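The values are calculated or read from the model by the stated rules, or taken from the named source; none is laboratory data. All figures in this text were calculated on a predicted structure; none of them were measured in a lab. Here the Cβ positions follow ideal geometry from the backbone for every residue, glycine too, while neighbour counts run over all protein chains shown. Each accessible area value is taken on the protein alone, full model and side chains, heavy atoms only, with ligands, DNA and RNA left out. Shrake-Rupley method; radii C 1.70, N 1.55, O 1.52, S 1.80 Å.
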Amino acid sequence: MILTDTHCHLYLDQFHEDLQEVLDRSAEAGVSHIFLPAIDWSSISQMERLNHPEITFYKMAGIHPCSVEEVWPVDEEKLFELCSRDDFLGVGETGLDYYWSTGFVKEQKESLRLHCDVARQTGKPVVLHNRESTKDLLDLIEDEQDGTLSGVWHCFTGTRDEGKRALDLGLYLGVGGVSTFKNAGVDKVLAEMPLNRLILETDAPYLTPAPHRGKRNEPSYIRLIAENLAELKEVNLDEIAKATTKNAFDLFGVE
């Protein structure tokens, strides 16, 4: 069984002490592909140090909305140069965050538009962070969508209508740990979303799925998210693994 974690921050300090053990557990759980969105420019050199004989890592470049203020103005030339490289498969993560950062909204939106422009120019998907900003995010993506923009709503937590709108805008939906929280309501929405537009993610070290909620997240837990999605979709785990990996490869252009 091949499982794919499309959103993981393994390069962060939370993994420094036991990274090898974390990677070994991930491989044992069947996770053979891990996508690494950036948070800021320093993420790039950190993610390039990752390696494991049974896992393929895929890099992205971008500025997280909560990092925009620290690097403003975002260097579009640098972003384009990185995302143009064959070893970078995505643009992000970018997006909007009105929970942690409300004083820099205008700049967040400008940064998101810049990332969308680079995504269109390079033909690579944009990875969208969204916290308490759904309408603004989808409105902006609708404005930027010219028929060539692809991407994923990372950590999808929307309503049925918001999910349908995201799909209509050409986005995939990232299924993470929140989908296992019974009081979140995301599980019921995901049950209605088409499997061919869903991809799995952990967002490790954050958003740990049940039953480990509250502890550090890690890629091996993608199996728990996959098992939960299999229950929601009333199919077997192998079908979820195959479908979501295919979707991820289609989105990110993995041969």
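Taking each residue as 0.36 nm, the span from Glu239 to Asn196 lengthens on full extension beyond its C-alpha to C-alpha distance by 14.4 nm. Out of every Cα-Cα pair that the chain contains, those further apart than 24 angstrom amount to 42 percent.
When the chain is treated as a GNM with alpha-carbon contacts under 10 Å, the residue of Ala241, Ala29, Ala184 showing the greatest mean-square fluctuation is Ala184.
Across every pair of non-identical alpha carbons in segment 142-247, the mean reciprocal distance, once inverted, gives a Kirkwood radius of 13.9 Å. In this rough spin-label picture, where each label sits 7 Å from Cα along the Cβ direction, the Glu48-Arg25 distance is 2.9 nm. For the chain, a crude dipole built from +1 on the beta carbon of Lys and Arg and -1 on the beta carbon of Asp and Glu, taken about the Cα centre, is about 600 debye to the nearest 20. In this model, which of Lys182/Lys233; Lys78/Lys246; Lys164/Lys233; Lys188/Lys246; Lys59/Lys164 are farther than 21 Å apart at the alpha-carbon? In this structure, Lys78/Lys246; Lys188/Lys246; Lys59/Lys164 lie more than 21 Å apart at Cα.
Maximal additional length on extending the Asp168-Asp86 stretch stands at 26.7 nm, based on 0.36 nm per residue less the C-alpha distance. Placing a label point 7 Å from the Cα of Tyr99 along the Cα-to-Cβ direction, the residues of segment 133-155 whose backbone N falls under 12 Å of that point are 133-134, 155.
Extents of segment 1-145, largest first, come to 43, 30, 27 Å (Cα atoms, principal axes, whole angstrom).
When the chain is treated as a Gaussian network with alpha carbon springs shorter than 10 Å, the biggest mean-square fluctuation among Tyr206, Tyr99, Tyr58 belongs to Tyr99. For segment 52-119, the calculated P(r), taken from all Cα-Cα distances in 5 Å bins from zero up to the bin holding the longest distance, is 4, 18, 27, 20, 13, 9, 6, 3, 1 percent.
Full extension of the chain between Glu231 and Asp161 gives 23.0 nm of extra length, using 0.36 nm per residue less the Cα-Cα distance.
The calculated 222 nm mean residue ellipticity attributable to helices in the chain amounts to -11500 deg cm²/dmol, summing -39500 (n - 2.57) over DSSP H runs of n ≥ 4 and dividing by all residues. Spatially, segment 60-135 and segment 180-219 are offset by 23 Å when compared through their Cα centroids. For the chain, what % of the accessible area comes from carbon and sulfur atoms, probe 1.4 Å? Of all accessible area on the chain, carbon and sulfur atoms account for 47 percent.
Along the chain, the longest continuous region that contains none of the trypsin sites (Lys or Arg not before Pro) in a DSSP loop with at most 12 other C-beta atoms within 10 Å is 86-181. The value given for segment 88-157 is a Kirkwood hydrodynamic radius of 12.0 Å, derived from the mean inverse Cα-Cα separation.
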